[in-house]
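**Student:** Okay, here's the structure, questions in a sec.
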Amino acid sequence: MPTIVSVDDSTVPGEGSSRLLLLVSSDNKHIVVEEDIMSRSRFISKQVEGFEATSQRHAILLPFSSFVLNKVIEYCSHYRGYYLLEDDPDAAPPGRSPVREWDQEFLDVDRNMLLRIIKAAHYLEIKSLVGSCARAIADMIRGKTTEEMREILGVENDFTPEEEHSPSSKCTG
Amino acid sequence: MPRLPLELLMHIVDLVPTEDLLPLRGVSWLLCAIATPRAFRVLRHTNTLRSTIALSHLLETTDIRQYVQEVHYTNRPGLPSIDELEQDRGNSEVGTHLFHALQLLPQLPVLHTLSLNLAQPYNGLNGQLGCCSIGQLAAVDALAQLDTIPTLRSLTLDNIFLHDIYSHPRLPNFLCGLTHLRLSAIDPLPGLYSTPVFERVGLYIQPLLRAAADTLVSLTLHFQDDTLIDLAMLRYPHLEHLSLQNVVFCAETGAEAFVLAHAPTLVSLSLTKCKTLYRSPRGWAQIYDTFSEGLGSLREVAVEEDWAPCAWSELYPLAKRPARRVVMYAGASVGYCSEDEGEDVRGLDRLTESCRARASSGGLHTPTVPAWTAF
């Protein structure tokens, strides 16, 4: 569960069609963003519904850094007003989303950052961004050795030396 | 380095190509557990009893079948030995297991490709149908009992033998909604049937061709021998890739009009061993020129002609050239080549050149799916 703190109404204006939200990152940076932009996040949408139920505006504390949060906001701003199948599967007949070339450029970051972005997108429930990150990571894995895959995914080897040298012992059964 | 939660690892592994799953299994126990069932995305089995039983068992396994995207069931290589024929006699187990496996297809939530290379039937000992025929009967029987599988996009039925089993009224239901269809038909036992081959083509193949009319993007229709099949009434509004083999271009088949009717969408055309009727006023030169002018979206054309040298080719020079014309008699055909077919060759050159020019200039039409591949 996110931590929610009360904020002064003067800090976050709540009137009009483009209301603002205050997002607080783990490094305690306050970022004001239009609610429309973040509506792609199901997590944020649910928080906003909660505000409306209680008639109180709050800041939303998020467990990742402002650097990552700004990347997510950049993504959401780029696709503001766009229909993306992953985020709204009920709005259109099933089919494949268009290939988004912009995403490839946007996600051309080091693998550490990529993992942080996908975790943030997962937390915020932005399925389209999760999908794009997952595709980018899967592309990184393509054609790599087991050791390189470990590095990319940040996973430790928990096989015993015997298991590691005996492929048939892995996951048989 | 951030650690990813299980759901994200599963999502990523879903997108890793099948060939990379083996090294991925060596990363850690968790990745091994995630990657192992996904390694069964593509199942390739042959029509041996052992392989068919394995297919059946795999599709029964819940952890595996949720990842199966493609099932390919093919003929084992080579002709059956006498021992195998003896084994096959009365061995209906292959059919039983294949029937059971195919009945499980609706329980595969992401299945998009099914390819059945239905082996050519052969007579078993004592005149019984052999194992391969049992497999073909079982496959058709199973498919006819299934309704449309919503995720299925590509279906291949190779070596269909023109037999009453294909007249099952429910079989076409299975083809509804497909985007890629490949049918190849053989007439394995000439003389066995009283009805000529082209009548059986009409009876058994045409209902299948009509079933997927609204959705089909790629159609491959191959016959073993020169065939008259009425294509005149068939229309596919989204057809982009068409491949015909041994289809005779004449008034009876309406093949030329059929191709031209798909001019707005047709991007690639492959004609293998197709012929016109002997002494028909409409030869290949005229047909190619009509295609050059009429098929405005065509980017690729491939023509392979029937070149079959015969015993007297040393004496008869024309026998060394491809047969582009044919005489049909009660379903049987005799190929011919004329004295001068230079104009046909030049017509094909003009068609190829017009496609090349269109392809190099870009053009407006962008195919929605690649040819002959599903996803």
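No value in this document is a laboratory result; all are computed from the given coordinates. Quick caveat, the model's predicted, so the values are computed rather than measured. Every residue, glycine as well, gets a Cβ built from its backbone with ideal geometry; the counts of neighbours run over all protein chains shown.
**Student:** Between B:V334 and B:E252, what is 0.36 nm times their sequence separation minus the Cα-Cα distance? Round to one decimal in nm.
**Tutor:** 27.8 nm
**Student:** I'd like the trypsin sites (Lys or Arg not before Pro) in the stretch B:1-67 restricted to DSSP loop residues with at most 12 other Cβ atoms within 10 Å, sorted by number. Intermediate values should be presented prior to the final figure.
**Tutor:** Numbers: sites: B:R3, B:R25, B:R38, B:R41, B:R44, B:R50, B:R65; in loops: B:R3, B:R41.
Within the stretch B:1-67, the qualifying trypsin sites (Lys or Arg not before Pro) (loop, at most 12 other Cβ atoms within 10 Å) are B:R3.
**Student:** Additional query: Order these peptides, B:52-59, B:179-186, A:110-117, by their mean beta-carbon neighbour count within 10 angstrom, highest first.
**Tutor:** Details: B:52-59: 19.2, B:179-186: 21.4, A:110-117: 17.2.
Put in order of decreasing packing, that is B:179-186, B:52-59, A:110-117.
**Student:** Could you give P(r) for the stretch B:204-277, binned at 10 Å from zero, as whole percent values over all Cα-Cα pairs?
**Tutor:** Histogramming the stretch B:204-277 at 10 Å steps yields 20, 59, 20, 0 percent.
**Student:** What residues of the stretch A:120-143 lie in the reach of a label at A:K46, counting those whose backbone N is under 14 Å from a point 7 Å from the Cα along Cα→Cβ?
**Tutor:** A:122-127
**Student:** Taking the Cα-to-Cβ direction at A:E162 and at A:H30 and moving 7 Å from each Cα, how far apart do the two end points lie in nm?
**Tutor:** 6.1
**Student:** Moving to a separate point now. Run the numbers for B:M10 and B:N75: contour at 0.36 nm per residue of separation, minus the present Cα-Cα distance, in nm.
**Tutor:** 19.9 nm
**Student:** How well do other chains shield peptide A:134-141, expressed as the mean number of their Cβ atoms within 10 Å of each residue Cβ?
**Tutor:** On the way: counts 10, 3, 2, 8, 8, 3, 2, 10.
The per-residue average across the peptide is 6.
**Student:** Same structure, new question: Per-residue Cβ counts within 10 Å, from other chains only, averaged over A:156-164: what number is that? Can you show the working numbers first?
**Tutor:** On the way: counts 5, 4, 6, 5, 0, 0, 0, 3, 1.
Whole-number average of other-chain Cβ neighbours for A:156-164 is 3.
**Student:** Where Rh denotes the Kirkwood radius from the mean inverse Cα pair distance, what is Rg over Rh for the stretch B:36-78? Don't jump to the answer; show the numbers that get you there.
**Tutor:** Values: Rg = 10.5 Å, Rh = 10.6 Å.
We get a ratio of 0.99 for the stretch B:36-78.
**Student:** Now a separate question. Calculated FRET efficiency, B:R41 and A:L61, Cβ-Cβ r, R0 41 Å, to nearest 0.05? Please report the intermediate quantities before stating the final value.
**Tutor:** On the way: r = 41 Å, r/R0 = 1.00.
Calculated transfer efficiency: 0.50.
**Student:** Here is a follow-up. Could you compute the FRET efficiency for A:Y82 and A:D110, with r as their C-beta to C-beta distance and R0 at 25 Å, rounded to 0.05?
**Tutor:** Details: r = 27 Å, r/R0 = 1.07.
Once the sixth-power term is evaluated, E becomes 0.40.
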